[in-house]
Each structure stands twice: as structure tokens, then as C-alpha cells.
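First the structure, in the form of C-alpha cells, and then the observations on it.
The values are calculated or read from the model by the stated rules, or taken from the named source; none is laboratory data. For clarity, every value in this text was computed on a predicted model and none was experimentally measured. Methodologically, a virtual Cβ is constructed for each residue, glycine included, from the backbone with ideal geometry; neighbour enumeration extends over all protein chains shown. Ligands, DNA and RNA are stripped out before the accessible areas are found, and what is left, the full protein with its side chains, is counted by its heavy atoms. Shrake-Rupley method; radii C 1.70, N 1.55, O 1.52, S 1.80 Å.
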Amino acid sequence: MAKHKRIGILSAGGDCPGINAAIRGVGKTAIVKHKMEVIGISSGFSGLIQNDFNILTEETLSGILTLGGTILGTSREKPFKKKGSTGIDKPELIKKNYRHMGLDCLVCIGGNGTQKTASMLADAGLNVIGIPKTIDNDVFGTDFTFGFDSAVSIATEAIDRLHTTANSHKRIMVIELMGHHTGWLALYAGLAGGGDVILLPELGYDEKVVNDYLLQRYQKKKPYSIVVVAEGLERPETEKSAAHYVARLIEQGTGIETRTTILGYVQRGGSPSAMDRILATRFGSHAVQLIADENYGRMVVNKNNETESIALGEVAGKLNTVPTNHSFIAKALALDICMGFASNAKK
Ligand code: F6P
């Protein structure tokens with residue numbers, strides 16, 4: 001009788017809605033369908049270094065589908081970064097603890113940094129499966145990461161609320177959304193929330209184009225405008241935020257009263273949307289099938305709404321940015337939304 005596999009799960013990097021749904025998807029599929037044992041590793045790769053883990057059971061996995069955050073905790077520990085003053089060889093300690101835990105495979109739930117570490121652990125000889133998560137939707141190789149849909153809904157609801165206060169005061173409201181170096185959240189929530197100007201890191205920002213556009217709206221007696229800015233928009237280092245940078249140039253250039261909102265961490269909080277629960281569950285279940293097939297060194301992905309997998313080595317060090325020819329950009333321009341550059345300029 002083949003020994004039942006024992007798998008470890010960790011969540012690393014910025015948290016997001018849906019991580020617990022993914023943990024549940026992995027754990028229940030492993031326990032119920034494959035009779036595997038499941039170990040929950042605390043605080044991302046820190047827990048693997050410190051040998052901090054707990055057995056996960058159907059009972060501990062019960063009721064976490066709708067729970068925001070991660071029951072395992074997370075950290076931004078990067079074990080392959082150069083040794084600190086402690087001189088501890090973290091990768092060696094991880095390999096030792098992986099064996100000490102008796103693991104047959106390690107499931108790493110995380111974004112770009114996590115998948116890069118996962119790929120390096122696979123190269124170091126561990127059996128590893130990656131599950132892509134982040135509100136930024138910037139993991140290479142997958143159409144969507146879970147966390148993204150929830151954050152789009154949160155950001156859209158916030159933008160909806162800005163319309164009423166902007167209208168009352170006849171102001172320009174600038175709202176900054178997360179996304180790290182990419183503009184996926186700003187693009188999707190900007191469209192869904194009726195943004196008049198949407199500024200993405202991938203497209204840049206032409207101050208004169210934006211100011212002329214906003215002045216034209218004002219002269220057409222549009223009572224207010226909504227400007228949606230991705231946090232990663234290029235700006236002088238002296239500027240404390242993308243929103244403050246853009247708002248200052250708008251107010252200086254148009255003379256229209258302008259206010260800023262930095263939405264921040266609420267985009268990462270709370271219960272996952274239905275679509276994120278489904279995507280996270282699909283990812284978790286597919287990850288366990290890869291383990292059952294001993295098809296290691298892979299990251300599960302969503303491609304054309306199918307769940308597949310790609311080699312971790314294909315993902316590491318890459319970024320999923322908004323293509324400048326993305327169809328949503330053309331659609332926005334057709335609705336006379338300003339995307340930060342002269343619409344007739346070749347991008
Ligand atoms: O990757 C998710 C994210 O929220 C980014 O959008 C943001 O730039 C970053 O994490 C914030 O990092 P931290 O949680 O370490 O402040």
C-alpha cells in the first residue's frame with residue numbers, strides 16, 4: 001500500500017481575499033479525495049525556516065471559505081536574499097525542515113516574489129507547487145489571480161461614492177488604487193466606476209493632455225470629474241504618492257478644486273467575492289491533482305477560463321503588465337475616457 005502523501009501549505013506576500021478559499025480547496029481535496037495529510041505552515045517562508053506548523057483537518061478547514069485574510073498568516077520573508085548578520089543559511093534550513101516535517105510536496109500560495117522563491121526551492125530539489133494570488137493580478141502566465149476580483153469590487157464601490165461628494169462640491173476627485181507596478185486594478189475599477197481619467201503605469205501620464213481634457217469637461221458644464229490613478233504611476237521621488245502628484249498638477253493647471261483619496265489596504269480586506277472563491281477553489285483542487293500525479297515544479301494558472309499549469313521556471317522574475325493594446329483601452333478611448341495620453345498618439 002503506497003504511503004499517503006503529506007503536503008505542506010504556506011501563504012506568503014501581501015494578503016488578499018481568497019487565500020483561505022485556496023487553503024480549503026487544497027486541504028479538502030487532499031484529505032477527502034486523496035487521503036493525504038495536510039500541514040499548515042505559519043507566516044509564509046518564515047514558518048518553514050522556524051519549523052512553525054500545524055496539522056490541518058477537515059474541522060480546521062471548516063468555515064474558512066468566506067473568511068478574508070489567511071488562517072496561516074503571511075510574511076514577506078525572502079529566504080534566498082543574501083544572508084543577514086545572523087549568517088543563517090535559510091535555504092538549507094528550509095530543506096532540513098521540509099524533510100523534518102516529512103513533506104512530499106510544498107504548496108506555495110503567493111504573488112511574484114513567492115513564486116520566484118518557490119521556483120528556487122524547486123531548483124534546490126524540493127517538490128513544489130505554486131498557486132498565484134494577489135489583488136494586483138500581475139503574476140505572469142495566468143489570466144487572473146484570485147484577490148483581484150474582490151479588490152475591483154471594493155475599489156469600484158469606493159469610486160461610486162466619490163461621484164456624489166464630487167458632484168456636491170463641483171470638485172475633481174483623484175483616487176489612487178493599489179497594483180504595485182501594474183495598472184490592472186485601476187483599469188478595471190476605473191471602467192467599472194465610471195472614471196473620467198484613468199492613469200496606468202504602462203501608459204504614462206501627459207499632464208497637458210489630462211488638464212486640457214478636464215478643462216474641456218468643465219467648460220461643457222460637467223459638474224465634476226473622477227480621476228483614477230494606479231499607485232505605480234511614474235512620478236518624481238519627492239512626491240509622496242501618485243495621487244498627490246497628479247492632484248497637484250491638475251489643480252495648478254486647471255484652477256479647479258481637487259481632492260485626493262488613497263484607498264490603500266481596504267482593497268485587500270474582507271470576505272472574497274464569489275468569483276474569487278470559485279477561482280481559489282479551482283486552483284487548490286488542481287494543485288492537489290498535480291501532486292497526486294507527482295507533476296511537481298508547476299504553478300496552476302487560469303487560461304481562457306480553464307485551469308492549467310505552467311513550469312515555475314517560466315514564471316519567476318516576470319510580470320504580467322497591462323498590454324498597451326489591451327482591448328479595454330480602446331473601449332475606454334471610444335467612450336471619451338482620458339487614458340493619460342493624446343488618444344491619437346501611437347502607443
Ligand atoms: O501586492 C499587493 C500589494 O497590496 C500591492 O498592491 C502594494 O503595492 C503592496 O502589496 C503593499 O505592500 P505591503 O503590504 O508590504 O505594505
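Data table
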quantity: Any chance Thr182 is assigned to a loop (DSSP other than H, G, I, E, B) and modelled with pLDDT of 95 or more; calculated: yes
quantity: Single residue of the stretch 185-229 satisfying the filter (in a loop (DSSP other than H, G, I, E, B), touching a Lys or Arg at 6+ places or on another chain (Cβ under 8 Å) and more than 17 Å from Pro323 (Cα to Cα)) that is modelled with the lowest pLDDT; calculated: Pro223
quantity: Failed condition for Ala280, given (1) of a type outside the set (Asp, Glu); (2) in the same structural domain as Gly110 (by TED's automatic domain parsing); (3) over 24 Å from the mean Cα position of the chain (by Cα); calculated: (3)
quantity: Residue list for the stretch 221-243, filter: touching a strand residue (DSSP E or B) at 6+ places or on another chain (Cβ under 8 Å) and surrounded by fewer than 21 Cβ atoms within 10 Å (Cβ to Cβ); calculated: Ser241
quantity: Check on Pro323, in a loop (DSSP other than H, G, I, E, B) and more than 17 Å from Gly141 (Cβ to Cβ); calculated: no
quantity: Options Asp160, Asp143; residue that is more than 11 Å from the ligand (Cβ to nearest atom) and over 16 Å from the mean Cα position of the chain (by Cα); calculated: Asp160
quantity: Residue match in the stretch 93-102 (condition: open to solvent by 50 Å² or more (accessible area, probe 1.4 Å), β-branched (Val, Ile, Thr) and more than 19 Å from Glu294 (Cα to Cα)); calculated: no
quantity: Single match in Ala287, Ala230, Ala292, Ala280 (criterion: in contact with a Phe, Trp or Tyr (Cβ under 9 Å, 6 or more places away or on another chain), in contact (Cβ under 8 Å) with a residue 24 or more places away in the chain and under 25 Å from Ala30 (Cβ atoms)); calculated: Ala280
quantity: Pick from the stretch 52-73, criterion polar (S, T, N, Q) and touching a strand residue (DSSP E or B) at 6+ places or on another chain (Cβ under 9 Å), ranking: most open to solvent (accessible area, probe 1.4 Å); calculated: Asn54
quantity: Given (1) more than 16 Å from the ligand (Cβ to nearest atom); (2) among the hydroxyl-bearing types (Ser, Thr, Tyr); (3) open to solvent by 20 Å² or more (accessible area, probe 1.4 Å), index of the condition Ser119 fails; calculated: (3)
quantity: Count - residues of the stretch 158-179 that are in a helix (DSSP H, G or I) and either in contact (Cβ under 8 Å) with a residue 24 or more places away in the chain or in contact with a strand residue (DSSP E or B) (Cβ under 8 Å, 6 or more places away or on another chain) (or both); calculated: 9
quantity: Criterion (in the same structural domain as Ala332 (by TED's automatic domain parsing) and either within 16 Å of the ligand (Cβ to nearest atom) or touching a Gly at 6+ places or on another chain (Cβ under 6 Å) (or both)) met by exactly one of Glu176, Glu207; calculated: Glu176
quantity: Subset of the stretch 179-191 that is under 18 Å from the mean Cα position of the chain (by Cα) and open to solvent by 10 Å² or more (accessible area, probe 1.4 Å) - its residue that is nearest to the ligand (Cβ to nearest atom); calculated: His180
quantity: Residues within the stretch 6-33 that are farther than 17 Å from Gly130 by Cα and either in contact with a Lys or Arg (Cβ under 7 Å, 6 or more places away or on another chain) or buried (at least 20 other Cβ atoms within 10 Å of the Cβ) (or both), tallied; calculated: 2
quantity: Residue within the stretch 298-305 that is modelled with pLDDT of 95 or more, exposed (fewer than 14 other Cβ atoms within 10 Å of the Cβ), closer than 30 Å to Ala30 by Cα and among the basic types (Lys, Arg) present; calculated: yes
